[in-house]
Amino acid sequence: MGEIVRYKRDVWGEEVILGVSWDLLWVVAVAVLVLLAAHATVMAVLANKKMDMPSGEGKRVVRHESIDRWFHWVMALSIFALILTGIAPIVGLRFAWLNWHWMAGLLLSFITVVHIVRSLFWQDFKSMILGPRDFAEPFDSTRLPGKYSFEQKGMHWAVTVVVMTVIATGLLMFLQIDSPFWERTNSMPESQLGLVFLLHGLSTLALVALAATHIYFAIRPEKLFYTRSMFKGWISEDEMKANHDPNLWSPKQAD
Amino acid sequence: MAYMHIGKDFVPPDVNGKVTGRIKYAEDYTREGMVYARLLTSPIPHARVVNIDATEALAMDGVFGLLTADDVYPDGEPQSTGLKVLTNEPTLVGEPILALAAIDEKTAETAISKISVTFERLPFVLDPLDSLAEGGPDAYNGGNTYVFRQGFASEKWSADQVASFRAGNEPTAEPQQTFAYGDLDAALGESAFVYETAFTTAGYPHQSMEPRSAMAYWENGKLYLHGTSQSLSALADGMASIVGVPQEDFVFINEATGGGFGQRARANSIPSMAIPAKMSQKINRPVMMRVTRDEETAIGGARQGFQGWIKCGFKADGTMAAADLYIISDNGGKGGGGDAYSAADCISILYQTEAVRFRGTSIGSNTGHRGAQRGPGQNQIAAIIAPILDKAAEELGIDRLKIRQINTPQNGDVGGARQIPFTSAYMPEALKMGAEQFNLEERMARSRKRNGTKVTGIGIGQGYHDAGRSGMDGIVRLTADGRLKVHNGVGNLGTYSYASTSRAAAEVLQMPWEHVDIVTGRTDRHLPITSPQDGSNSIFTNTRTNYGAAMDLLNKMKELAAMELGGDAADYDFADERVFKTAAPSEGMTFAEIAQKGIALGGKFTGASDLPEELNDFTKISVNRLAGESLMGIYHDTPHNNNPPGFTVTFTEIEMDIETGKYDIVEMVTIGDCGTVVHPQGLKNQLVGGAVWGIGLAGYERHLYDPQNGLPASTGYWQSKIPTMMDTPAKIKTGWVDLPDPENPVGARGIGEPAMGAVAAALASAISDSLDGHLFSAAPVTADMIINHVAGVTSEAVPLAQNNFRG
Amino acid sequence: MNLNLTRRRFIKGVIASGAAATTTGVWVAANGAARPAGAVERMIRININGQVRTVDVAPQETLASTLRYKLGLTGTKLGCNRGECGACTVLVDDVSTYACSVLTHSVKNGRVETVEGLESADGTLHPVQQAFVEELAPQCGYCTPGQIMAAVGLLRENPNPTREEARQGLSGNICRCGSYDSYLDGVMRAAQIG
Amino acid sequence: MVATSHDVMLDIELYQPTDEANALALAASLGKDGWLLGGGQDTYGWLKDRNKTASAMIELTQVDAWKGIKETSDGIEIGAVTTLTEISKNPLVKEKFALLAKAAGVVASPQIRNVGTLAGNLAQDARCWYYRRGLDCYRAGGNICYADSPEGLNREHAIFGASRCVAVSPSDTAPALVALDATMVITSAKGQRLVSAQDFFVGPDVNITSMTSLEEGEILTAVRLPNEWANAEYYFEKVADRNVWDFALVSISAAMKVSNGVIEDSRIACGAVECVPRRLDDVENALRGQQRSEQLAEQVAAIASEGAEPLNYNHFKIPLIENLVKRAVRG
């Protein structure tokens, strides 16, 4: 306990990094649970004061196109598969995980690339940019966000950074094992490989934390309509008006 | 000639100790206050020590001190490829960097793990051809080869030259070393069959059973070192200067040695024994340094591996007209050897080749320490050349025995690089005797016959080594009670030649063996400098010295008798431990009486004066210390003239299972031509022992280093694939020609090394025969290679790879 | 060796500063928990060559160490200390065993025999020893005590082995000098003397 | 990997329980810190090298209940800490399950068989030299395989089923037990579970740091051989570099029910080609109901090597496994 990085001796007796200490998994799990429980408690207390949730009835506006919803869920699925196949053996659940892991990894990589390309050229990329005004948003209750709130943008970019790290390091690790596409090469000195494992481990831990947080907010009563929109594509005009500034986001009507 | 001792079995005095466990090897000694040293060895194949921080280790309870290369070499390490006592410039994994002494081994090892050594890593190389290639790493600091008297140098070939060689072609680069005789081109022109191939042979470790452990302590300014050697006087001679102690103050104790095979002949191949000596001096306590198997593998020596190319031409009548040989020999991380030269020399001698050209270059690799190993060079090439001879016989339609008989060396022949005459040579007789005992004709009818999955292979092999030297000294003494003391510095490593060569002295004096004491075991028993017991030379070299010393003693006895009883020494004869007047046998003196008279007279009779002029310094110290005690015979051996060869021939039948690549050795007959047989049981042991080594060379033993990081992969007996009782025949038949050699007083020549070559050759020949004459051009030929060949599978092994698997 | 201590501390520090806040003793490993009682005592009595000897033996001590370093029975040799050579072969209840690869505590209830125990009190060699002398079976002699003990073990189980059976029986003993043939001759002779 | 060649063990406690309950309780309470000791032939090397450590050893060989060979209603049961010598010489085993007797009789060397136990032979760790040298490879918890790399020394490694680690099952008796359809009795303080021999061994895809399915606190206490395969026609062969004291390059254990030359059913397993004993189901299927013949041998041999993925230096294992299958079919 207390180790964050696992070290080992390389073939010549020198100490090199092996990877993240998986004890941290428990630290992260506990930390996330504590934080979210605290948030839930605070929200529960606050909930007594104001209780005016917008109605989900009436006119609907489009929040997520169906293709984006597909992207989201495939991405979610692959990330869950990755977390499960990656972490289960560490906590002692024995099965042949590695093939599932890299297949899920490839799926995630593919979907991520497609998402990046699509978001740059076919979607409103600006709606996700975090500007100075976004940072003021949490401190000014009069300000409403455009399509995405500060928290949502923050979560998105945090996930982006973490997923990109996981993918980049994962692909480097993928090169180190035999696959249908290549035979493994010893392309990296052990010390560098150790750094890659460390980054993969750290970003995995972050991803676990982010995923937990994301799920938590997705099932918060006041945010549940966003989750619904990720299934059905729409939110009600009431929900939109209560949470977004129409000047900054003018979605089209849903069918 | 009817001998009293020569040619007869006897019980060497140490055998009882060997079967009861009483005889002591270095590690069996203890001494009051003894502490234990362990080594920190290099984990890196090529590095430089930048810093050693042992603060934490030295602060531990039970730790007594540290010895580093700086302690051993205050003026800097000697510049050579030779193994150092300790080094700051390791060139192989496992090279000793420092030693630490502690109350017990556990503490020492734990303390060592707390020492922080900072290394600067340097590029390393495991395959000499990779080092030869332009831009390839060099194994040493300063080059990849060492030129005698000149220092380090770097040999480089172009990448194309290396690639072409690996592809099997004749190397085109300038060699480091060469010799040639005869007109090679003309000889090849006259040849009806020419065979050309690239080949590899593995270098592999000696793996003596006794690791090179040593114990040392100092007392009254004298160093007492319990160690291991092939010959204690030869080793002590060099060891004193390595430790830096005057020869007079150095006592080397070595009752028995658990195997040498070339690596314990000289002090510079086993300098690690200086570690406990130096440590003991530094911490003022007796120090035992046990060497582990792992360490022994790294520094205990290994044979040089070959990456070679050979072209042989045979005339229509089967005469080997030409041999052209180009060898890159693997010098390892430390040490080296002249194996390549000896290989070419051996072909010239064994096959009386009309024209020979040798070209060779010796290149270092960051792998195990190299040095002479049983038949260095001769035995590697034996396994390569035998199947080529068979191929020639097949192509030329000549019987396989016949082609060997056509080319055989015999009495009166010359051979080798310098075309030196043999002292004697009875290979034709050996071939004939072997063929008969083996029942060659009948067995040859089974050659290549298949029975189920098994195919019979018949193999014939020949071995050679130059097996005798001269120039050593002899001391024998007759004590006042009439006992003969033969002082013998030849080590006790299992040949029993320390005892059998002593019998030459007993033979001269016709002394019953019970009245003879062999004085050996420790240098403070005052030993003459004797053969290092390498190169199969003891029997030749030290029967000469002991015979000479005994003759000197005899002459002195006759002189003393004449002084006492009148007349001239020439008038005296001797028998039954008594010297008497030839004319009047009743007038005489017993040996004891003569000894007493000699002692009373002193001077030259007791070794106090008139010593032979050329006596070695080492011997002089011993003689001076013995002077006055007894009647002494002293002899300095003069150089002999010609080449005393050791020859062997082996016939074998194997049953090769072509589905598993495994074979049974059904029959093996090996015959020695080593002059007069001095000690039949000892000779048999050399022949069967050599056979086991030959089986190892031809089929099993390996030396693996991981190309990724330079770590040794074959460190113990299992991974080195040392042949076991189940890999060798249940019975090996032996025999000998037993014809005397004129340049040895009892007619003897050595045999230990060729005994291995003939078997390696015969086995390679039989393997090839069982596979329809396929030539692997490699040693060893392992099961996987045979399976791949039979199945037509191509291996991914690097062609001509060294210190690795081969294809 | 700690070559990279500084780098290690640096990296550890950087990461720790980010994560320290959350590492509040959630996961306590079971290390350092008290061992169960009942581990072996060091002082033992052991029957070696017919004599019961009292000796202080560490739990992890091999029989070869005890014999060589505690009892001075150096006839048992260490060739590899890894069960790969057979030089340390002794008999435990008549069964040939590598002394380097068995704990003294594991055999403390048995009868241990080493090469030193074979000779009779009047100096008569054991038939195997005698036969090995007569055949001059040993060369360097370092593997000899092991070969002898393996041979004695074999002959106790099978007093009249065939040469092939003898070969099997001694196959766990390397002889680097290659004296196998002579050792087998010795075993066959010993069976006759037996 | 350290810079000194360690040769003596560090201090370690030793427990020598004589009854089952005590042994199981020790295994449970010591958990990871308790090294289960059979004959120790695969233990002391690790501990002397200090490449693996433990703070206590639990010697299992003094528990009489886990020793010996006895006949049961359905076959025989062999105590897991019975020595290999005893198994190879036991009349009951020789009479009914000669395949196992033969396999046990070729393990290592006589002295190792005299001390080494069946459990030890089955549960021994991988013999990959990189791993044994103490390198932190995948199997040792690291990030790399040194053997499966462009320059790795992998002549003795796997041709099937590798997943990062390419070490092979080193046991001679393991494939014999798979061929005989043995059941492993695994006992712990929590009770007993039965696992088929085939499932007892796990590959690196499932668990890269252990070759068996034994969990902490669990002890392999017995092996049951069912009469189902007793006195079948057996074929065992171990091909190794050396005829003694070596690990198989490939070994084959086959049990066949043959009547009138027709192979009615068979179980065939190979050692040293995969991380676990490789069961040759496809070969068995192809053999079922077929008349024994050279043609049949040739025909099924190719099936044995299907899917093999040789490394640099172990291509020879493909023809070798084929040849051994041929020999088994020929009988």
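Every read-out reported here was derived from the displayed coordinates using simple, explicitly stated rules and does not represent laboratory data. Just so it is clear, the model here is predicted, and its values are computed rather than measured. Note that we place each Cβ from the backbone using ideal geometry, even for glycine, and neighbour counts take in every protein chain shown.
Charging the Cβ of each Asp and Glu at -1 and of each Lys and Arg at +1, and nothing else, the dipole of the protein assembly as shown about its Cα centre rounds to 3700 debye.
Whats the longest run of chain D with zero trypsin sites (Lys or Arg not before Pro) that are DSSP loop and have at most 16 other Cβ atoms within 10 Å?
Working: sites that count: D:LYS52, D:LYS190, D:ARG288.
Here the longest run is D:53-189.
What's the longest bit of chain D with no exposed GluC sites (Glu not before Pro), using DSSP loop states and at most 16 other Cβ atoms within 10 Å as the test?
Excluding the exposed sites themselves, the longest stretch runs over D:1-150.
Counting Cβ atoms of other protein chains within 10 Å of each Cβ in D:24-37 and taking the mean gives 2.
Taking each residue as 0.36 nm, the span from B:ASP399 to B:TYR3 lengthens on full extension beyond its C-alpha to C-alpha distance by 138.6 nm. Rounded to whole numbers, the Karplus 3J(HN,Hα) couplings from phi for segment A:91-108 are 8, x, 8, 8, 7, 7, 8, 5, 5, 4, 5, 6, 5, 4, x, 5, 4, 4 Hz, using 6.51 cos²θ - 1.76 cosθ + 1.60 with θ = phi - 60°, and x at Gly and Pro.
Could you list the trypsin sites (Lys or Arg not before Pro) in segment B:166-241 that lie in coil according to DSSP, counting only those with at most 10 other Cβ atoms within 10 Å of their Cβ?
Listed in order of number, the matching sites amount to none.
Evaluate the distance, in nm, between pseudo-label points positioned 7 Å from the Cα of A:ILE67 and of A:LEU120 along their respective Cα→Cβ axes. The modelled label-to-label distance comes out at 1.6 nm. Each residue of segment B:310-325 is assigned a 3J(HN,Hα), and the resulting list reads 9, 9, 10, x, 10, 6, 4, 7, x, 5, 7, 7, 9, 9, 10, 10 Hz, derived from the Karplus form 6.51 cos²θ - 1.76 cosθ + 1.60 (θ = phi - 60°), x at Gly and Pro. In this structure the amide hydrogen of B:TYR572, modeled in the peptide plane, comes within under 5 Å of the amide hydrogens of B:THR582, none closer than 5 places in sequence on its chain. Legend: calculated FRET efficiency, A:ALA218 to C:GLU157, from the Cβ-Cβ distance at R0 = 60 Å, rounded to 0.05, equals 0.20.
Can you classify the protein assembly as shown as rounded, prolate or oblate using the Cα gyration tensor, where a ≥ b ≥ c are the square roots of its eigenvalues, rounded means a/c under 1.5, and otherwise it's prolate if a/b beats b/c and oblate if not? Each step should come with its number before you reach the end.
Working: a/c = 1.98, a/b = 1.88, b/c = 1.05.
Since a/c reaches 1.5 and a/b is larger than b/c, the shape of the protein assembly as shown is classed as prolate.
Between B:ARG418 and B:THR118, what length comes free when the chain is fully extended (0.36 nm per residue of separation minus the Cα-Cα distance, one decimal in nm)? All intermediate terms of the calculation are to be shown ahead of the outcome.
Details: separation 300, 0.36 × 300 = 108.00 nm, distance 5.00 nm.
Result: 103.0 nm gained on full extension.
Going by neighbour counts of Cβ atoms within 10 Å, the residues B:HIS703, A:HIS64, B:HIS515 line up, fewest first, as B:HIS515, A:HIS64, B:HIS703. Arranged from fewest to most other beta-carbon atoms within 10 Å of their beta carbon, B:PHE119, A:PHE135, B:PHE651 become A:PHE135, B:PHE119, B:PHE651. Amide H contacts of B:VAL147 (H built 1.01 Å from N, in plane; Pro and chain starts excluded): B:PHE152, B:ALA153 sit under 5 Å, all sequence-distant by 5 or more or on other chains. With a Förster radius of 30 Å applied to the C-beta separation of A:ARG94 and A:LEU175, the computed FRET efficiency comes to 0.75. Remark: segment A:136-144, residue by residue, has Karplus-estimated 3J(HN,Hα) of 7, 3, x, 9, 10, 5, 7, 7, 10 Hz, where x stands for each Gly or Pro and the curve is 6.51 cos²θ - 1.76 cosθ + 1.60 at θ = phi - 60°.
The label point for B:GLU441 and the one for C:THR124, both projected 7 Å from the Cα toward the Cβ, are 5.2 nm apart.
If you take the Cα centroid of segment B:630-652 and the Cα centroid of segment C:40-107, the two points sit 45 Å apart. Less than 5 angstrom separates the built amide H of D:SER196 from those of D:MET184, all sequence-distant by 5 or more or on a different chain.
Considering only DSSP states other than H, G, I, E and B, which GluC sites (Glu not before Pro) in segment B:610-666 qualify as loop sites with at most 13 other Cβ atoms within 10 Å?
Details: sites: B:GLU613, B:GLU614, B:GLU629, B:GLU653, B:GLU655, B:GLU659; in loops: B:GLU613, B:GLU614, B:GLU629, B:GLU659.
Filter output for segment B:610-666: B:GLU613, B:GLU614.
Exposed loop sites are taken as trypsin sites (Lys or Arg not before Pro) in a DSSP loop (any state but H, G, I, E or B) with at most 12 other beta carbon atoms within 10 Å; the longest stretch of chain A without one runs A:60-251. Projecting the Cα atoms of D:TRP66, D:THR82, D:LEU30 onto the charge dipole of segment D:30-87, computed from C-beta unit charges around the Cα centre, puts D:LEU30 farthest toward the positive end. A Gaussian network model of chain A, with springs between Cα atoms under 10 Å, assigns the largest mean-square fluctuation among A:MET103, A:MET173, A:MET43 to A:MET43.
Loop only by DSSP, 14 or fewer other Cβ within 10 Å of the Cβ. Give me the GluC sites (Glu not before Pro) in segment A:179-251 that pass, ordered by residue number.
Here the GluC sites (Glu not before Pro) that fit, given the DSSP loop and packing criteria, are A:GLU183.
Tell me whether chain D comes out rounded, prolate or oblate; compute the Cα gyration tensor, take square roots of the eigenvalues as a ≥ b ≥ c, and use a/c under 1.5 as the rounded threshold. The shape class here is oblate. Starting from the Cα gyration tensor of segment A:2-72, take the square roots of the eigenvalues, sort them a ≥ b ≥ c, and report rounded, prolate or oblate (rounded when a/c is under 1.5, otherwise prolate if a/b is larger than b/c, else oblate). The shape class here is oblate.
At a Förster distance of 30 Å, what's the computed FRET efficiency of A:SER127 paired with A:ALA38, Cβ-Cβ distance as r, to 0.05?
Values: r = 30 Å, r/R0 = 1.02.
In this case the efficiency is close to 0.50.
When B:SER233, B:SER720, A:SER66, A:SER119 are arranged by Cβ crowding within 10 Å, least crowded first, meaning fewest neighbours, the order is A:SER66, A:SER119, B:SER720, B:SER233.
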